[in-house]
Amino acid sequence: MRLNKTGEFGLIEIFKKMSRLDRSVIVGPSDDCAVLRFNAKEYLLYTCDMIIEGVDFVSKDKPELIGRKALAVSLSDIAACGGTARYAVVSMGLPKKFIGKAQRIAKGLFDLAKSYKVNVVGGDLSRSSRLTIDVSMLGVVKKNKLVLRSGARPGDIIFVTGKLGRSILGKHLTFTPRLKESRFLVNNFKINSMIDISDGLTQDLNHILKASRVGAVIYEALIPKSRVARSLNDALYGGEEFELLFTLSRKDAKRLAFKKKQIFKPIGEIVSKDYGFKLIDKNNKEVSIKPDGWRHF
């Protein structure tokens, strides 16, 4: 197997085929969180994320923001499944140049944990050539509020929170995990599918399309671009946005619009799988989309 040909998602598929899951697992490696049996009313959500110097941040970034991001990306996964974050364990590989900054890194992480009432209950420390922080997080979700990538239906309206494009200029370190928005959505609407945008709008929307076996049409005129986005491509393919991307019925979409929640922006519609994945550009021309975005290899 040549990794450069298999790629990140191909390797994930290989690992999925190797896994053997028992009946305690409701959803395994195919969504933002694993979903595990818990009690009569709730499921456990389990996720992990790793950030690495030179990939997810650089050494000159503020230590508190590095620590903050390490926890925030896992909080974003819990939000994407409609849950509430509860517990985390944190492992950190420290090079010598960061040992003096370790307390500041931890402060950023613990301050965010406190604001979301997450208990950091343990972890591990090791020497490393590059700063590496791995967070494993447990959350809970009411069984009737769980949202996965696989529930999108033709006729659903596609929404996104916030604005997209060039988060690398700072947003990727300071973004607010959309737990509040997720809770509002699942408590007031039937959300059919949801994912957080970590690898780019088109790539992550395509995860929903594949899991749900549907197609989509999105509209250039509706895609909310950040003030620093240079072009449409920045909004379509840029990673590390950590906004929520979700679908709900047309009826519920109208209700959401009446709520006047300016953060929720409709960008398109779920259609039949046979239609594929298309963009209607500013000239009203239909263009086929090749999903793309950040990939580790």
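The values are calculated or read from the model by the stated rules, or taken from the named source; none is laboratory data. All of these numbers come straight from a predicted model, not from anything done at the bench. We place every Cβ from the backbone using ideal geometry, glycine too, and count neighbours over all the protein chains shown.
Below is a table of values for the structure above.
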quantity: Within segment 134-150, considering residues that are surrounded by fewer than 20 Cβ atoms within 10 Å (Cβ to Cβ) and among the small types (Gly, Ala, Ser), the one farthest from VAL58 (Cα to Cα); calculated: SER150
quantity: Verdict on ARG178 being in the same structural domain as VAL228 (by TED's automatic domain parsing) and either closer than 21 Å to ILE208 by Cβ or in contact (Cβ under 8 Å) with a residue 24 or more places away in the chain (or both); calculated: yes
quantity: Enumeration of residues in segment 17-33 that are under 18 Å from ASP49 (Cβ atoms) and either touching a residue at least 40 places away in the same chain (Cβ under 8 Å) or in a helix (DSSP H, G or I) (or both); calculated: VAL27, SER30, ASP31, ASP32, CYS33
quantity: Subset of segment 102-133 (residues that are touching a helix residue (DSSP H, G or I) at 6+ places or on another chain (Cβ under 9 Å), over 14 Å from PHE57 (Cβ atoms) and in a strand (DSSP E or B)); calculated: ASN119, VAL120, LEU125, ARG127
quantity: Options ILE66, ILE26: the member that is in contact with a Gly (Cβ under 9 Å, 6 or more places away or on another chain), over 15 Å from PRO177 (Cβ atoms) and among the β-branched types (Val, Ile, Thr); calculated: ILE66
quantity: Of all residues in segment 70-84 being buried (at least 24 other Cβ atoms within 10 Å of the Cβ) and of a type in the set (S, T, N, Q), the one that is nearest to the chain's Cα centre (by Cα); calculated: SER76
quantity: Test: residue in segment 233-242 that is farther than 27 Å from ILE52 by Cα and in contact (Cβ under 8 Å) with a residue 24 or more places away in the chain; calculated: no
